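What follows is calculated from the coordinates using simple rules that are stated; it is not laboratory data. This structure is a prediction, so every number in the text was calculated from the model and none was measured. Every residue, glycine among them, receives a Cβ derived from its backbone with ideal geometry; neighbour counts consider all protein chains shown.
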Amino acid sequence: MEEIFKIDIPLYRERLHVFFGSREECADALRADGMEEWRINSWLEHTKNCDGLYSQNDCYRLLWVYRIPESVAEYVDLVHEVEHAAFYMLKDKGLIHTEESDEAYAYLMGWLYGEIMVFINSISEKNERH
């Protein structure tokens, strides 16, 4: 089973959990990560017709995409979910998206995307070695 990739964001004292794989694989990884079954069932219900989704409850922020992107359209889907993660993370910190705060949103979104790309590249390199 694949594990959930965790991105710590020290500036905001947040953690983003990232998972690439099927809904069922993600549910198994959430169980292994200690999430309660009722939350997992709610998440499964909410993602029935999705190929990716950003969700959060209490302090658990999850960015899930059905698979590691290979096409432009799949990268667009990933960027879409990263934008949601950045938006809700900063909104929860009290920062409203305005012209004045746009740079904070853009910076966090780019930083999260960069961290996820490092993770994706490490998986690709690992798969090439095997």
Practice prompt. Considering (1) over 13 Å from the mean Cα position of the chain (by Cα); (2) surrounded by fewer than 12 Cβ atoms within 10 Å (Cβ to Cβ); (3) within 25 Å of residue 124 (Cβ to Cβ), say which one residue 94 fails and leave the rest.
Written response: (3)
Worksheet item: If residue 77 passes every condition in (1) over 20 Å from residue 26 (Cα atoms); (2) out of contact with any Phe, Trp or Tyr (no Cβ under 8 Å at 6 or more places or on another chain) but one, which one does it miss?
Response: (1)
